[in-house]
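The values are calculated or read from the model by the stated rules, or taken from the named source; none is laboratory data. Note that this is a predicted model, so its numbers are computed, not measured. Cβ placement follows ideal geometry from the backbone for every residue including glycine, while neighbour counts extend to all protein chains displayed. Calculation scope for accessible area: heavy atoms of the full protein, side chains included, ligands and nucleic acids excluded. Shrake-Rupley method; radii C 1.70, N 1.55, O 1.52, S 1.80 Å.
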Amino acid sequence: MEGRLILDGQYRIQNLIGHGGWGACYVAEHTKSSKESKVAVKCIPRQGLNFRERAYIAREIKYHKQASCVAHGGIVAFIDHGVDEDEDIVYLVTEYCSKGDLFSSVRTHRLSGRHSKIKRRVLQIIDAVQAMHDAGIYHRDLKPENIFVRKDKSLAIGDFGFATDHETTANFNLGTPRYMSPGAY
C-alpha cells in the first residue's frame with residue numbers, strides 16, 4: 001500500500017499508523033499541495049462485506065462529514081472520500097493527528113500528573129460531544145482509541161463507524177464490549 005497514489009493521484013500513501021476492525025489507517029501526503037500536507041487515510045476493503053456492513057461504511061462517511069461541519073474544533077476534520085472500484089477499497093481522508101490516540105497517550109503516561117491539562121482535555125471532549133448532540137449526531141463508540149491527539153496536543157473525536165442520527169435506538173451490542181456498561185453485551 002505504501003507509495004500508492006489514491007483518489008485520482010491526490011494523495012500518496014506513506015506509512016501504516018494503525019489497524020481497526022474494518023481496515024487500516026495510513027499517513028499520506030497531499031500531492032497537489034505546495035506545502036507539506038499530511039493527512040490520515042482509512043482504507044476499508046469491501047470484499048466480503050455484507051449489506052449491513054457496507055451500510056456502516058456509508059453512515060461513517062455521512063456522519064463524520066456532518067460532524068466535521070459542526071463549528072467545533074473537537075472533531076477530526078473530514079477532508080475527502082472515494083472508492084477504488086478496481087481494488088474495491090473505500091478511502092476516508094481526514095485530518096492527521098500526529099500524536100496518535102488518547103489511549104496511547106494514557107498508556108505511555110504522557111498525561112500523568114498534569115491534572116489541569118487533563119481537566120482541560122476532558123472538557124474539550126465533553127464540548128465536542130455536546131456539539132455533536134446539538135447537531136443530532138450520536139457517536140455510539142466513544143472510547144480513548146477514537147479520540148485523537150493533534151500536534152498541538154488538543155483532542156478530537158474521530159471514527160464515526162457506529163454513529164447515528166437517532167437519539168434513541170433499539171440497536172444493541174454496538175461498539176467495543178470492554179467499554180459497554182455491564183449486561184449490555
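Side notes on the structure shown:
- Residue list for segment 128-165, filter: modelled with pLDDT under 90 and farther than 28 Å from Lys117 by Cβ: Gly161, Phe162
- Pairs where the first residue, in segment 78-92, is of a type in the set (Gly, Ala, Ser) and the second is at pLDDT 95 or above and crowded, with 21+ Cβ neighbours inside 10 Å, C-beta under 7 Å, 6+ apart: Gly82/Tyr91
- Conditions (1) modelled with pLDDT of 95 or more; (2) surrounded by 12 or more Cβ atoms within 10 Å (Cβ to Cβ): number failed by Asn15: (2)
- In segment 1-12, the qualifying residues are those that are more than 28 Å from Asn50 (Cβ to Cβ) and open to solvent by 50 Å² or more (accessible area, probe 1.4 Å), and the one that is modelled with the lowest pLDDT is Glu2.
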